[in-house]
Structures are given as C-alpha cells and as structure tokens.
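All remarks here apply to the structure that follows.
The values are calculated or read from the model by the stated rules, or taken from the named source; none is laboratory data. Everything numeric here is computed off the predicted structure, so don't read it as measured data. Positions of Cβ are backbone-derived with ideal geometry, glycine not excepted, and every protein chain shown enters the neighbour counts.
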Amino acid sequence: MKTMLVITMGLALAVTSQAQSRKTIYVDRMEGLESFVESALEAAELPFDFVEEAKQPEMKATLAKMHAAFGEIIYRHKLGRNETHRLELLDVERNKVIAWHAFPLNGDDAARRKAAAEFAAKVKAAWAKRSK
C-alpha cells in the first residue's frame with residue numbers, strides 16, 4: 001500500500017513538472033511561411049503548445065526584416081548575399097530574442113521548408129542551452 005502511494009506521488013510530481021516546463025507559442029503571419037515554421041517546430045519535438053495570439057502566449061515565432069529597401073541593395077552589393085529576413089523566437093515576457101535564423105525570402109516551397117527546418121534546429125539548440 002505504501003509503495004503504491006509513493007509511485008502515485010512520484011507520477012504526480014513528474015506530470016506536474018512536465019506541464020510546467022511546456023510553453024505556449026504563437027506563430028505569427030509570415031508571408032506564407034507560418035505553416036512551414038509550425039510544422040518544423042512540431043517535428044523538432046520542442047515543449048511548445050501552439051495557441052492563438054489572443055491567448056497571450058509566452059513565446060512568439062515571427063518574421064523580421066533585417067534591412068530597409070535601400071539597405072538591402074547595399075547589403076547585397078557589399079556582401080554578395082541577400083539574407084534580408086530572419087525568423088525569430090521571442091520570449092514575449094522578457095521581450096528577448098532566444099533564437100534566430102537569417103535567410104533569403106523567396107517563393108520556393110523547398111527553400112521555405114529548409115529555412116523553417118534550420119530555424120527549428122537553432123531553436124532546439126537554444127532551448128537545450130536554456131534548460132540547463
């Protein structure tokens with residue numbers, strides 16, 4: 001009987017700690033990239049529960065533009081690259097970027113899927129460091 005009580009208490013603590021470690025996340029509109037990002041984050045098996053923005057999420061995945069149009073031209077001319085956009089995972093409460101991934105935004109689904117997967121990998125690595 002005592003053993004059963006100890007096992008039950010242990011399971012209750014494990015479930016509680018696991019529930020506390022999960023975070024709510026909102027994937028913002030991203031010019032058609034949001035479905036790829038959400039799928040990549042789910043595939044990475046991160047402790048996120050996806051919610052609507054109205055439910056005040058703890059984390060937010062968003063698409064940020066790095067340069068203005070003129071800055072984009074200079075950036076491409078000087079560096080030969082056009083990584084003008086970046087995906088960011090933002091801790092809403094602290095207003096701090098936890099992970100980001102710069103990439104060129106284009107209409108190719110394969111490139112969008114690849115950018116989302118690379119972003120999810122960076123989020124997973126940053127989350128592992130943060131959890132230590």
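Taking VAL97 as the residue in question, decide whether it is out of contact with any helix residue (DSSP H, G or I) (no Cβ under 7 Å at 6 or more places or on another chain) and either modelled with pLDDT of 95 or more or among the hydrophobic types (A, V, I, L, M, F, W, C) (or both). Before you say what the answer is, go through the steps one by one.
On the way: out of contact with any helix residue (DSSP H, G or I) (no Cβ under 7 Å at 6 or more places or on another chain): yes; either modelled with pLDDT of 95 or more or among the hydrophobic types (A, V, I, L, M, F, W, C) (or both): yes.
So VAL97 passes the test.
Quick one: would you say GLU45 is surrounded by 16 or more Cβ atoms within 10 Å (Cβ to Cβ) and at pLDDT below 95? Spell out how you get there, then give the answer.
Values: surrounded by 16 or more Cβ atoms within 10 Å (Cβ to Cβ): no; at pLDDT below 95: yes.
No: the conditions fail for GLU45.
Within region 67-85, how many residues turn out to be part of a loop (DSSP other than H, G, I, E, B) and either at pLDDT below 65 or more than 13 Å from PRO104 (Cα to Cα) (or both)? Break it down into steps so the answer makes sense when it comes.
Just the residues of region 67-85 that are part of a loop (DSSP other than H, G, I, E, B), to begin with: 67-68, 80-84.
Restricting the remaining residues to those that are either at pLDDT below 65 or more than 13 Å from PRO104 (Cα to Cα) (or both) gives 67-68, 80-83.
Residues meeting the conditions: 6.
List the residue pairs whose Cβ atoms are under 9 Å apart, where the first residue sits in region 89-102 and is without any contact (Cβ under 8 Å) to a residue 40 or more places away in the chain, the second is part of a strand (DSSP E or B) and surrounded by fewer than 14 Cβ atoms within 10 Å (Cβ to Cβ), and the two are 6 or more positions apart or on different chains.
LEU90/LYS96
Among PRO57, PRO104, which is modelled with pLDDT of 90 or more and not small (Gly, Ala, Ser)? Give the steps one after another, and end with the answer.
Working: PRO104 fails: modelled with pLDDT of 90 or more.
Testing whether each residue is modelled with pLDDT of 90 or more and not small (Gly, Ala, Ser) leaves just PRO57.
Scan region 86-104 residue by residue and report those that are touching a Ser or Thr at 6+ places or on another chain (Cβ under 7 Å) and surrounded by 16 or more Cβ atoms within 10 Å (Cβ to Cβ). Steps first, please.
Restricting attention to region 86-104, the residues satisfying the condition of being touching a Ser or Thr at 6+ places or on another chain (Cβ under 7 Å) are 88, 90, 104.
Passing the criteria: GLU88, LEU90.
State yes or no: is VAL51 modelled with pLDDT of 90 or more and surrounded by 10 or more Cβ atoms within 10 Å (Cβ to Cβ)?
On the way: modelled with pLDDT of 90 or more: yes; surrounded by 10 or more Cβ atoms within 10 Å (Cβ to Cβ): yes.
Yes; evaluated as a whole, the condition is true for this residue.
Restricting attention to region 43-54, which residues are assigned to a helix (DSSP H, G or I) and in contact with a Phe, Trp or Tyr (Cβ under 8 Å, 6 or more places away or on another chain)? Spell out how you get there, then give the answer.
Narrowing region 43-54 to residues assigned to a helix (DSSP H, G or I): 43, 53-54.
The one that is assigned to a helix (DSSP H, G or I) and in contact with a Phe, Trp or Tyr (Cβ under 8 Å, 6 or more places away or on another chain): GLU53.
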